[in-house]
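First up is the structure itself, then whatever we jot down about it.
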Amino acid sequence: MGEKIVVPFGPQHPVLPEPIHLDLVLEDEKVVDAIPSIGYIHRGLELLTTKKEFTEYVYVAERICGICSFIHGQGYCEAIEKIMNIEVPRKALFLRTIWGEFSRIHSHLLWLGLAADAFGFENLFMQTWRIRELILDIMEETTGGRVIFGSCKIGGVRKDVDREMLSKMFKILNNIMEDLRETTDVFINDYSVKHRLVGVGVLSKELAYSLGAVGPMARASGIAIDMRKQGYAAYGELDFAPITDESGDCYGRCVVRIKEIFQSIDIIKQAISKVPDGAIDVKVTGTPSGEAFVRFEQPRGEVVYYVKANGTKFLDRFRARTPTFANIPPMVSILKGADFADVPSIILTIDPCISCTER
Amino acid sequence: MSFLKKSPWLIHYDGSSCNGCDIEVLACLTPVYDIERFGIINTGNPKHADIFLITGSINHQNEPIVKNIYNQMPNPKVVVAVGICATSGGIFAECYNVKGGVDKVIPVDVYVPGCAARPESIIDGVVKALGVLEEKYKNIKKKDHH
């Protein structure tokens, strides 16, 4: 039994693309406690509702986070639409679904790359990000942006996607399947990857439930929750089931995300075959009055939006409870008892998105 | 900038960006954009770095960290502010916790526009920074000579 020492982890650290600070209390090589401190990216954007009109605020909502940007914009729009009782055209709902799933694929591929980088597999990082660029190309062609899209607006979407482009999407998705399978097989089957991930940072089903884990973190521990099953946007008309794993370790979380990439491709294909013709937006008049809760599934898990409007152009309150915030308590609990060398893998496998968390 | 005597390394720190510019900085390193062809690699250690890429604006919590990283870098060094937030605060300029652009706390040499900044413009900014680095290197040498 050695003496206890404290090793600071972050805010500037090679495995962290974003700043979070952890004080790791170590006993020899074992972590006995982890004390997170956040606030490095806090901007206070929720209070911007008092300075930007509710139609303008869509752009601020998108910029809560640059990785899950589309779904943040969509969530905000849907909350306002709920308050104002706006009937969004079906085509717009399908396009939102398609773009949302493309963001999920891009986010999961981004995460796979960062995870590979964290356990020291540089080549795999490069390969996954190479595939990710193909997804970003589709996004750029249809929305105009690579990471921040601005294509969602209250009452519909801003840009139309024609049949030709939809069939092009279909083709590109078919083409990347083989590439994707080859790269993700390395994560699933490679001996050294397994060596780093199997049995590391195990989160039991009970603990995941009681600490309120969400998204792939909860699903990898055997809890089948997926907000898309509520049927928002066009998800009600599409056929899919939440992907779960029983292991609850870093490897399980990795496998769940890989399966979700293929699931998203399948959802997009289903949606493309069902996209109706028609208008993409309705005219929005007046100002919202009332309040609404909306729950969406981000790539990282469940996100909750709360909007309170008072009948003026400026909202009373906008609140987002983001998935990473919910996943920090489970992360801290699995860090306790872990080896110091496994800390980067464990932190990375919750897929931390700090700018979501701190807003 | 005709040629470089050495391979400049860069360090990246995320101020309070929304991640948009952040992941575009990482995208620069990957095969499609491949900034490594200029001999540039992303290091995690400020003491190894010549170029400081910073995304996002300055707030009260990250101000000492940005200063700390900057002070640990050896001379000559170049600071590149990536994206509109790092330049002026951008869309978040009116937020209560945002102090403004990076130039509020450390001197900035190159500003890269965009929200989010595109990889092409980030690479453009870094290449400009190489010229500034060369210039600063010459000035240091001149000083030593006299």
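The values are calculated or read from the model by the stated rules, or taken from the named source; none is laboratory data. Note that this is a predicted model, so its numbers are computed, not measured. Cβ placement follows ideal geometry from the backbone for every residue including glycine, while neighbour counts extend to all protein chains displayed.
Name the single residue, out of those in region B:101-120 being within 12 Å of chain A (Cβ to nearest Cβ) and buried (at least 18 other Cβ atoms within 10 Å of the Cβ), that is farthest from residue A:62 (Cα to Cα).
Applying the filter and picking the extreme gives B:119.
Restricting attention to region B:82-100, report how many residues are among the hydroxyl-bearing types (Ser, Thr, Tyr) and either crowded, with 21+ Cβ neighbours inside 10 Å or out of contact with any Gly (no Cβ under 9 Å at 6 or more places or on another chain) (or both).
Residues flagged as among the hydroxyl-bearing types (Ser, Thr, Tyr) and either crowded, with 21+ Cβ neighbours inside 10 Å or out of contact with any Gly (no Cβ under 9 Å at 6 or more places or on another chain) (or both) within region B:82-100 amount to 1.
Just to be sure before I move on: is residue B:111 within 13 Å of the chain's Cα centre (by Cα), more than 21 Å from residue A:67 (Cα to Cα), among the hydroxyl-bearing types (Ser, Thr, Tyr) and modelled with pLDDT of 85 or more in the structure I sent?
yes
Failed condition for residue A:113, given (1) over 27 Å from residue A:238 (Cα atoms); (2) touching a Lys or Arg at 6+ places or on another chain (Cβ under 8 Å); (3) in contact (Cβ under 8 Å) with a residue 24 or more places away in the chain, with all others met?
(3) is the only condition that residue A:113 fails.
Can residue A:109 be described as closer than 15 Å to residue B:30 by Cα and at pLDDT 90 or above?
So residue A:109 fits the description; yes.
Report those helices (runs of 4 or more DSSP H) wholly inside region A:297-359 carrying at least 2 residues which are at pLDDT 85 or above, in contact with a Gly (Cβ under 6 Å, 6 or more places away or on another chain) and of a type in the set (A, V, I, L, M, F, W, C).
Per the criteria, A:323-335.
Evaluate region B:72-81: report whether one residue or more is surrounded by fewer than 18 Cβ atoms within 10 Å (Cβ to Cβ), within 14 Å of chain A (Cβ to nearest Cβ) and either touching a strand residue (DSSP E or B) at 6+ places or on another chain (Cβ under 8 Å) or farther than 19 Å from residue B:124 by Cβ (or both).
Within region B:72-81, one or more residues are surrounded by fewer than 18 Cβ atoms within 10 Å (Cβ to Cβ), within 14 Å of chain A (Cβ to nearest Cβ) and either touching a strand residue (DSSP E or B) at 6+ places or on another chain (Cβ under 8 Å) or farther than 19 Å from residue B:124 by Cβ (or both).
Mind checking which residues of region B:33-54 are in contact (Cβ under 8 Å) with a residue 40 or more places away in the chain and more than 16 Å from residue B:79 (Cα to Cα)?
Residues satisfying the conditions are B:33, B:35, B:38.
Among the residues of region A:107-130, how many are part of a helix (DSSP H, G or I), within 20 Å of residue A:216 (Cβ to Cβ) and more than 10 Å from every other protein chain (Cβ to nearest Cβ)?
Total satisfying the criteria: 8.
Among the residues of region B:56-63, is any within 14 Å of chain A (Cβ to nearest Cβ), touching a residue at least 24 places away in the same chain (Cβ under 8 Å) and of a type in the set (A, V, I, L, M)?
Yes: one or more hits.
Report the residue count in region A:43-76 for those that are away from chain B (no Cβ under 13 Å) and closer than 20 Å to residue A:355 by Cβ.
The qualifying residues number 4.
Kindly indicate the residue of region A:6-17 that is under 16 Å from residue B:69 (Cβ atoms) and in contact with a Gly (Cβ under 9 Å, 6 or more places away or on another chain) and also farthest from the other protein chains (Cβ to nearest Cβ) among those meeting that condition.
Ranking the candidates gives A:16 first.
I'm checking my understanding of the structure. Among residues of region B:11-26 that are aliphatic (A, V, I, L, M) and within 7 Å of another protein chain (Cβ to nearest Cβ), which one is farthest from residue B:100 (Cα to Cα)?
B:26
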